[in-house]
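Down below is the structure, laid out as C-alpha cells.
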Amino acid sequence: MINKPWNTPAALAWLQILLQERFGHLFDVLPQSNSSRLAIALPGDARQISLKVDGAMFARSDSDLPCTEWSAPAEGWRTALPGCLPMPGAASPVVPLITATVNGWNIGYDILGLTYWMLNRIEEIGRTDLDNHGRFPATASHAYKHNYLERPVVDEWLHVLGQVISKTWPGIELKQHTFSMKVSHDVDAPSRYGFANAKGLLRAMAGDVLKRGDLKNPLRAPWIKLNSRNKIHSSDPYNTFEWIMDLSDQHGLTSAFYFICGRTSDLDADYEPEHPAIRALMRRIHERGHEIGLHPSYNTYQHPQMIAVEAQRLRKIAAEEGIEQARWGGRMHYLRWEQPTTLRAWAEAGMDYDSTLSYADRPGFRCGTCFEYPAFDPVENRELKLRVRPLVVMECSVIDACYSGLGVGEAAQQKLKTLKDVCRKVNGCFTLLWHNSSFANKSCIKLYGYAFR
C-alpha cells in the first residue's frame with residue numbers, strides 16, 4: 001500500500017525523465033510553496049506551467065476514485081481522440097480548466113498525478129479481488145468501470161500538456177513521435193506433438209478429432225513426434241514460426257519470441273529450452289534477425305529469485321548457441337502480475353524490458369499509454385533499471401469466449417482496427433501478442449493478417 005502522497009522527490013525525478021522522453025526537453029518539475037501545486041519550468045527561464053496536485057488521490061490503491069469529463073474544445077484546446085477527455089480522480093472539472101497567468105499557464109487538474117497513478121499501476125497494489133489465475137481483472141479496474149479502458153488516457157492528457165508547453169514557450173520544438181507496431185509471440189507450445197509423452201500424444205490426437213473435427217493431423221502425429229528430435233517437423237500445426245517471420249519481414253517488423261525456461265506448474269510448457277529442437281528454433285529465429293525473449297513459468301510472478309534463475313538459463317542457452325542481442329525482454333506466462341513485486345523481479349533479473357501489462361480478460365490500455373516508459377517502484381519509491389512496454393492486444397483477450405468472446409470474424413477485426421487506430425492517433429506503438437499455436441484455421445490466419453493493415 002502507498003501511505004504517503006504520490007509527489008515524492010523520487011517520483012518527480014522519474015517524471016522529469018518521462019517528460020524528457022515525451023517532449024524532448026529536460027524540464028524541472030518543482031514543488032511550489034503551496035503543496036497543492038507543482039511547476040514545470042525550463043532551467044533559467046522565469047516562465048512556468050503550474051499544475052494542481054492531488055497527492056492523496058493518486059496514491060490510492062483502489063478503483064473507487066471519482067471520474068468526470070472535460071470538454072477541451074470548449075476551451076480552445078485540441079484532443080488526440082474525439083469526445084470529452086476522461087478525468088480520473090476528479091469529481092467535477094474546474095471551468096475553465098486551463099488559464100493564462102502572468103508568466104505562463106495554470107492547469108486545474110493533476111496530469112502528473114494521473115500519469116504516476118496509471119503508469120505505476122497504483123490501483124492494483126495489495127488487491128485481493130483477483131481472478132482464478134491470481135490476476136487483477138480489467139472488469140475490476142477504474143478504466144473499465146468508467147469506460148476509458150480503450151483510450152490511452154495518459155497520452156491524451158500529455159497531448160494537451162504539449163499544447164500548453166508550446167504556448168508557454170512559443171517556438172519551442174517538441175519531440176515528434178511516429179506510429180509504430182511491435183509483434184510478439186509467447187511460445188507456450190512450439191509443437192503440437194513433438195514434446196508430448198505417450199499419454200499426452202494420445203490426448204492431443206483425441207482432442208484434435210473430438211473437439212476440432214481434425215482427422216488429418218492426428219494421423220500424422222506419431223510421425224511428427226518421431227521426426228522432431230532435432231528440429232520441429234515442418235508439418236506440425238504449431239510450427240508457424242517461418243510464416244510468422246515471413247509476414248513480419250514483409251512489413252518491416254521484428255517478431256519477438258518468448259520461451260518458457262522453467263516448470264513450476266502443470267500449466268507450463270511440455271518442452272525444455274535445452275532440447276535440440278528448441279535450440280535449433282532459437283538459432284533460426286536469430287539467424288533471420290528476429291528476437292529471443294523470456295516467458296517466465298506460471299508460478300514465478302511472486303518470486304523474483306525464480307525469474308532470475310530462468311532468465312539466466314535462457315542467457316546460458318543463447319550464449320552456447322552464439323545468440324547475441326542488444327536487449328533482453330519478455331512477458332509473464334498467463335499475464336500473471338503482482339505490482340510491484342513482478343516489476344521489481346524483472347529489474348533484479350537484469351532484463352531490459354517487460355511487455356506483460358495488458359489485462360487478460362479485455363484488450364486496451366491497462367497503463368493508460370501505448371508508449372514504452374521507464375519503470376518506477378512506487379512501494380520502494382525508486383526508479384528501476386527496466387523499461388515497461390505496455391501490451392495493447394493479446395489475441396486470446398479478443399477471441400476467447402471466456403474473455404471478450406468476439407471470435408475471429410468481423411467483430412474481432414473491428415476491435416483490432418479500433419485499438420490500432422487509437423495508437424496511430426496519439427503516434428504511439430500498437431503492441432500485439434499472438435501465440436504461435438493460435439492459427440488453428442484460415443479464419444485465425446486471416447485475423448492475424450488483418451492486424452497488419
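The values are calculated or read from the model by the stated rules, or taken from the named source; none is laboratory data. This is a predicted model, so every value here is computed, not measured. All Cβ positions, glycine included, derive from the backbone under ideal geometry; neighbour counts span all protein chains shown. To get the accessible areas, we keep the full protein, side chains included, count just its heavy atoms, and leave off ligands, DNA and RNA. Shrake-Rupley method; radii C 1.70, N 1.55, O 1.52, S 1.80 Å.
Would the range 9-53 count as rounded, prolate or oblate if I go by the C-alpha gyration tensor, calling it rounded below 1.5 in a/c and otherwise prolate when a/b exceeds b/c, oblate otherwise?
Numbers: a/c = 2.04, a/b = 1.26, b/c = 1.61.
Here the range 9-53 falls in the oblate category.
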Legend entry - Where the Cα pairs of the chain fall when distances are cut into 20 Å bins, in %: 24, 53, 20, 3
Inset, instruction - Name the shape class, rounded, prolate or oblate, that the alpha-carbon gyration tensor gives for the range 200-319, where a ≥ b ≥ c are the square roots of its eigenvalues, rounded holds for a/c under 1.5, and otherwise prolate holds if a/b is larger than b/c and oblate otherwise. - result: oblate
Inset, instruction - Putting +1 on Lys and Arg Cβ atoms and -1 on Asp and Glu Cβ atoms, find which of 296, 322, 235 reaches farthest to the positive end of the dipole of the chain. - result: 235
Inset, instruction - With the full set of protein chains in place, find how many percent of the accessible area of the chain is carbon and sulfur; take the probe as 1.4 Å. - result: 52 percent
Legend entry - Size of electric dipole in the range 318-453: Cβ of Lys, Arg +1 and of Asp, Glu -1, about Cα centre, debye, nearest 20: 700 debye
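May I ask what percent, to the nearest 5, of DSSP beta bridges between residues of the range 288-437 are antiparallel?
Working: 4 of 11 bridges.
Here the share of antiparallel DSSP bridges comes out near 35 percent.
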Legend entry - Listed residue (80, 355, 269) projecting farthest to the positive dipole end of the chain, Cβ model: 269
Legend entry - Sequence-distant lysines (8 or more away, or on other chains) whose Cα lies within less than 22 Å of residue 446: 182, 211, 216, 415, 417, 420
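Nothing charged except the Cβ atoms of Lys and Arg (+1) and of Asp and Glu (-1): what's the magnitude of the dipole of the range 170-252 about its Cα centre? Round to the nearest 20 debye.
Working: 12 positive and 9 negative charges, 115 e Å.
The calculated dipole for the range 170-252 is roughly 560 debye.
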Legend entry - DSSP-defined antiparallel bridges as percent of all bridges, the chain, nearest 5: 45 percent
Legend entry - Distance from the range 249-301 to the range 55-133 (C-alpha centre basis), Å: 38 Å
Inset, instruction - Pop a pseudo-label 7 angstrom from the Cα along the beta-carbon direction at both residue 380 and residue 325 and give the gap in nm to one decimal. - result: 2.3 nm
Legend entry - Cβ-based net charge around residue 151, under 15 Å, with every Lys or Arg adding one and every Asp or Glu removing one: +2
Inset, instruction - Determine the sum of side-chain charges near residue 339: Lys and Arg each +1, Asp and Glu each -1, restricted to other residues whose C-beta is under 13 angstrom from that of residue 339. - result: 0
Legend entry - Accessible area of the chain divided out per residue, in Å², using a probe of 1.4 angstrom: 41 Å²
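For residue 430, what charge total do you get from the other residues with a beta carbon under 13 Å from its beta carbon, if Lys and Arg give +1 and Asp and Glu give -1?
Working: positive: 182, 389, 415, 417, 420, 424, 425, 453; negative: 150, 155, 372, 421.
My count for the surroundings of residue 430 gives +4.
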Legend entry - Cα-based helix-to-principal-axis angle, 9-23 vs the chain, degrees rounded to 10: 80 degrees
Inset, instruction - Mind putting a number on the dipole of the chain about its Cα centre? Charges go on the C-beta only, +1 for Lys and Arg and -1 for Asp and Glu, and I need it in Debye to the nearest 20. - result: 820 debye
Legend entry - For the range 6-23 versus the range 140-176, the gap between their alpha-carbon centres in whole angstrom: 15 Å
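Can you classify the range 24-99 as rounded, prolate or oblate using the Cα gyration tensor, where a ≥ b ≥ c are the square roots of its eigenvalues, rounded means a/c under 1.5, and otherwise it's prolate if a/b beats b/c and oblate if not?
Details: a/c = 2.04, a/b = 1.26, b/c = 1.63.
Taking the square roots of the gyration eigenvalues as a ≥ b ≥ c, the range 24-99 is oblate.
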